[in-house]
Amino acid sequence: MGKYRNWIILGLLVVVCGCSAVPDNHYFTMAYVLLPSKAKVDSSFPDSLRVRQLQMVPAYDTERIVYRYSPYEFQYYTFMLWAAKPQRMLTDLIVRHLQHARIFEDVALEYSERAPDYELYGMVFAIEELDSGDEWFAHLAMSLRMTRFRGEKIVWSYDIDVKKQVYNKEPVYVVKALSELMEAEMQKVAAEIKKFLASREAR
């Protein structure tokens, strides 16, 4: 009986030790600080914009962070996760940036009592870590399109496909680099949308 009890105790120790060795989940989000805007409130165009939640290609439609060594194979971190689905995270960054830029009178995710003048939507093609031999890169690819509200004709578009080398080989630095890429691209997006609205006003 004593021998069996020892085996049971040993089995319990193995289970307990195995459980304690399981790594904790780590949750990440893209973020960047928006500097105080020099634009005045009354300098915005008298238009409103509704931002639809971005669509996502299926391979990236997951809370697990993607990393790749090859263009033909996807791999997913087990314990390195997005705090929110990537499409929602990126959509929120777009809304926040355009609100801060004060190009439009109003920028929102939801419909208000007044129908928006324009709608912005897009597709995310890649948000990932690329491992190329001894080099790591953050890779972000997406497209943005803008139409008149309930219109089918695209009046403005912008495509993004950018990479940034990551020198500290940890996922947190990949997320940091992705955030920096998104910030730089959103500055261009804001400038291009403002240019479009200004050219429309000049007609």
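With both labels modelled 7 Å from their Cα along Cα-to-Cβ, the R114 to F149 distance reads 0.9 nm. Taking the charge dipole of the stretch 116-155 about its Cα centre, with +1 at Lys and Arg Cβ atoms and -1 at Asp and Glu Cβ atoms, the residue from F137, Y121, T147 reaching farthest to the positive side is T147. Modelled spin-label separation between L34 and V22, with each label point placed 7 Å from Cα along the Cα-to-Cβ direction: 4.0 nm.
Only aspartates and glutamates eight or more places from K163 in sequence, or on another chain, were considered; those with a Cα closer than 16 Å are E128, E129, D131, D134, E135, E180, E183, E185.
Each reported figure results from applying straightforward, stated rules to the coordinates on display, with no laboratory input. Computed from a prediction, not measured in an experiment: that's the story for all the values here. Neighbour counts run over all protein chains shown; Cβ positions are idealised from the backbone, glycine included.
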